[in-house]
Amino acid sequence: MNDYELASSWIKSADNIVVVPHYNADGDAVGSSLGMYLLLQNIGKNVKVVYPNDFPSFLKWMKGADEIIIAEKDIQIAELTIAGADLIIMTDFNSLGRIDLLGNPVSKSKARKIVIDHHPNPDDFADLLFSDTSVSSAAELVFQFIGKVGLKHAVDKFVAECIFTGIMTDTGSFSFNSSRPETYQIVSELLGFGINKDEIYSQVFDNYSENRFRLLGYCLNNKMNVLPAFSTGYISISKKELEQFNFEPGDTEGFVNYPLSIKGIVFSAIFIEKEDHIKISFRSKGDFAVNDFARNYFNGGGHHNASAGKSELGMEETIIKFHELLMKHSDSLSKK
Ligand code: 5GP
Ligand code: MN
């Protein structure tokens with residue numbers, strides 16, 4: 001029996017399935033998890049979806065979004081749901097640390113565990129791991145998985161919308177991670193299910209609050225530092241500033257990409273002050289490996305060109321540390 005046959009038999013025999021994506025779910029985490037959730041509903045499975053924390057409102061239009069159990073809001077229900085599962089399917093993450101307060105309940109659970117993910121260097125926390133770093137997104141991999149376990153017949157327009165959203169958001173609307181022909185073959189198939197891709201784009205990208213736009217303007221005008229000598233640009237933002245703009249989850253999503261649109265900039269970062277740490281996102285163009293950078297210096301990780309980590313230092317000290325690291329890496333940055 002190959003791994004797909006095994007996964008297929010586990011799905012068939014499971015009575016209670018739970019789907020889990022990573023903390024601070026983005027478009028791919030939501031698309032891959034809800035796509036799997038809706039598909040399993042379509043074949044008559046008893047399935048629940050549990051998220052570690054809340055997710056941006058511009059992703060809440062997807063079918064099933066209002067059925068998601070949010071652990072940070074209701075930890076008891078989340079833990080009971082996970083404890084009652086005999087199969088847990090996890091999407092878009094490679095280590096239990098990425099599901100925050102669900103890490104414990106998931107690792108304690110006796111359920112069979114399947115992971116479908118596209119991040120490098122996955123930890124060993126699943127019984128079956130479907131990992132491919134060459135795909136655009138976890139959603140693309142979920143769609144491949146659906147085909148390989150023989151469930152394509154259960155895909156409908158709503159599942160297709162979720163998968164498309166994951167691919168679209170994780171590729172920056174097909175501007176990166178999207179050079180494989182297979183990605184477009186899948187998109188072509190998804191369109192065949194009657195999805196309206198223009199409307200999906202609009203739901204995700206033209207659905208921001210006025211506050212979010214004002215905050216973006218403020219960040220670009222007042223809080224962005226461009227260091228041409230290091231081909232680097234970064235933004236920093238304090239909790240107080242976020243409060244001034246009535247920050248809501250997801251409002252800073254995508255901000256980190258803006259410095260990369262400046263000519264000559266290949267490395268960008270955003271420093272966001274949270275309750276007890278600074279959350280840092282990194283993006284790059286080309287060779288500079290931001291997953292190594294995040295892993296080596298900021299207790300994080302991710303993809304070659306998109307990663308994140310955190311700092312327990314204050315904002316000022318974190319930025320001093322960042323400047324020192326730029327000096328240290330100036331050879332690979334200034335040559336660009
Ligand atoms: P974002 O900047 O969108 O929060 O994260 C970018 C990428 O970095 C994510 O797709 C994920 O791969 C990775 N990532 C984000 N947060 C963490 C983290 O705390 N630890 C690790 N290892 N990777 C992270
Ligand atoms: Mn992803």
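So, in Å, what gap is there between the alpha-carbon centers of the range 142-215 and the range 64-139? When both Cα centres are located, 21 Å separates them.
The peptide list 62-69, 33-40, put in order of mean Cβ contacts within 10 Å with the highest first, becomes 33-40, 62-69. Ranked by the mean number of other Cβ atoms within 10 Å per residue, highest first, peptides 207-220, 17-30, 285-298 order as 17-30, 285-298, 207-220. A DSSP coil position with no more than 16 other Cβ atoms inside 10 Å describes the following trypsin sites (Lys or Arg not before Pro) in the range 95-150: K110. Here the Karplus curve 6.51 cos²θ - 1.76 cosθ + 1.60, taken at θ = phi - 60°, turns the phi angles of the range 6-16 into couplings of 5, 4, 4, 5, 5, 5, 4, 8, 6, 9, 10 Hz, with x standing for Gly and Pro. With the whole protein complex present, L6 retains an accessible surface near 50 Å², based on a 1.4 Å probe. Calculated accessible area for the range 114-160 comes out at 36 Å² per residue, all protein chains present (probe 1.4 Å; ligands, DNA, RNA ignored). Our estimate of slack between L220 and I70, defined as 0.36 nm per intervening residue step minus the Cα-Cα distance, is 50.8 nm. Surface composition of the chain: carbon and sulfur make up 47 percent of the accessible area, probe 1.4 Å. Phi angles of the range 202-214 translate, via the Karplus equation with coefficients 6.51, -1.76, 1.60 and θ = phi - 60°, into HN-Hα couplings of 5, 4, 7, 9, 10, 10, 7, 7, 4, 4, 4, 5, 5 Hz per residue; Gly and Pro are given as x.
Probing with 1.4 Å while keeping every protein chain in the model, the per residue accessible area of the range 194-336 equals 52 Å². Phi-derived couplings, Karplus 6.51 cos²θ - 1.76 cosθ + 1.60 at θ = phi - 60°, listed residue by residue for the range 265-277: 8, 10, 9, 9, 8, 10, 10, 10, 6, 10, 3, 10, 7 Hz, with x used for Gly and Pro. If you restrict to DSSP beta bridges whose two residues both lie in the chain, what percentage is antiparallel, to the nearest 5? Beta bridges within the chain, antiparallel portion: roughly 45 percent. Short-range pairs are left out: with C-alpha atoms under 8 Å and at least six residues apart, the relative contact order of the chain is 13 percent.
With contacts taken as Cα pairs under 8 Å and at least 6 residues apart, the range 94-174 reaches a relative contact order of 24 percent. Electrostatic bookkeeping for G64 treats Lys and Arg as +1 and Asp and Glu as -1; over the other residues with beta carbon under 15 Å from its beta carbon, the sum is +1. For the chain, a Gaussian network of Cα nodes joined below 10 Å ranks I163, I89, I272 by mean-square fluctuation, and the top entry is I272.
The values are calculated or read from the model by the stated rules, or taken from the named source; none is laboratory data. As the structure is a prediction and not an experimental result, all values here were calculated from the model. Positions of Cβ are generated from backbone atoms using ideal geometry, with glycine treated the same way; all protein chains shown enter the neighbour counts. Surface areas here come from the heavy atoms of the whole protein model, side chains and all, with no ligands, DNA or RNA. Shrake-Rupley method; radii C 1.70, N 1.55, O 1.52, S 1.80 Å.
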